[in-house]
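In what follows, a structure is listed as structure tokens, so that the remarks can point back to it.
The values are calculated or read from the model by the stated rules, or taken from the named source; none is laboratory data. Keep in mind that this is a model prediction, so the values were computed, not measured. FYI the Cβ positions are ideal-geometry reconstructions off the backbone, even for glycines, and counts take in every protein chain you see.
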Amino acid sequence: MTIHRRTLLQGAAAMSAVLATPYVARAAGRRMRLAHAANEVHPGHKMATSFSEALEELMPGGFDVQIFPNRQLGDDKQLLEGGVAGLMDVVTVSGVLIPLVTGRQAMNAWQMPFLVRDYDHFGELALGEVGQKILDDLRPAGLVGLATADTGQRNFLSIDKPVTTIEDFAGLKTRIVPVPLHQQIWDTVGTAPVGLPYGEVYGALETGVIDAVEINVSSMLGENLWEVGKNFTLTGHYPWHMATLMSERFFEGLNDEEKAAVTEAGRRSVTATLDYARTQDLEGRDELAAKGVEIVPLSELDQMRSRVSDLTTEWSAKDPLIAELVAAANATA
């Protein structure tokens, strides 16, 4: 069910109490609270800090940005709901949840399996015309899209044995974000998908509630998943896209100069985040190997691509912007 601002305002009292925490701002700066669920080593945090740094460069002293990382103000879904309701100023959230909360399907385009080939390709698309259209599509949900970035190419972590062939996926209880797109992808691959909140992944791997998780290097390091999972298969099946979103309430309270600054700061944060994510992805693999993680390729990657290829056509029919991103990605591949 799509959640609208009117529905979310029912939870305003609880969120407002959290945001009433004492706060000291510079007299000249407009106060802005930016929250996300990632930890400080995750590219999602870099996305937030680079946005703040760009704002300071564009309008020195114009904004006083306070960043709340580590789920301090809630998980991705709670933060996104707060943004839709106008209770949060700015949030940086996992893009996969945006269609679930807002009903706007276009953001699913970024996770069409094997569509976006690398970080440079993602940046070209995100900063291009179709990337902006996907962000603009969120305005009816009460959100102003400022940036979309890949915070880490997704791979596959298993606890009992390495996954090196398509057959190895069969029946593995694999944690997914509980959304229709991920359910369909991992059903098609052949796993047994299990929807779990992000914060429960470590414990579920440790206790055997799940056998595996599709994950990126940054989350492996940030959540210490290497302690419980030692088999990391390089599949690169889709990017983990995050978006920086400003509530329409906050945006409409800005003057024209401030609106232009936050818009440009969002664009600048994309490049900074992609550079950070690319470096962390490659260097982080060496760090994981040093911690005893076995990193292996999927020998039948082409077969995995073939197995899920029809999904892109199916999902392109759900929203014209998905089809437009697919066409743009294929034209630049």
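Here is how the numbers come out for the structure above:
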| item | result |
| --- | --- |
| Check on F114, of a type outside the set (D, E), out of contact with any His (no Cβ under 8 Å at 6 or more places or on another chain) and either more than 27 Å from M304 (Cα to Cα) or assigned to a loop (DSSP other than H, G, I, E, B) (or both) | no |
| Residue ID - farthest from D319 (Cα to Cα), chosen from residues in the range 123-174 that are in a helix (DSSP H, G or I) and within 14 Å of the chain's Cα centre (by Cα) | A126 |
| Those helices (runs of 4 or more DSSP H) lying entirely in the range 1-83 with at least 3 residues over 18 Å from T102 (Cα atoms) and at pLDDT 90 or above | 43-58 |
| Condition check for G83: over 14 Å from the mean Cα position of the chain (by Cα), outside the structural domain of N216 (by TED's automatic domain parsing) and farther than 19 Å from T151 by Cβ | no |
| Qualifying residue in the range 92-103 (condition: assigned to a loop (DSSP other than H, G, I, E, B) and closer than 30 Å to A317 by Cα) | yes |
| Residue under evaluation D120, criteria (1) modelled with pLDDT under 95; (2) assigned to a helix (DSSP H, G or I); (3) charged (D, E, K, R), criterion not met | (1) |
| Identity of the residue in the range 218-241, closer than 12 Å to V293 by Cβ and β-branched (V, I, T), that ends up surrounded by the fewest Cβ atoms within 10 Å (Cβ to Cβ) | V228 |
| Verdict on T191 being of a type outside the set (D, E, K, R), closer than 22 Å to H121 by Cβ and touching a residue at least 12 places away in the same chain (Cβ under 8 Å) | no |
| Qualifying residue in the range 222-230 (condition: under 16 Å from D76 (Cβ atoms), at pLDDT below 95 and not aliphatic (A, V, I, L, M)) | yes |
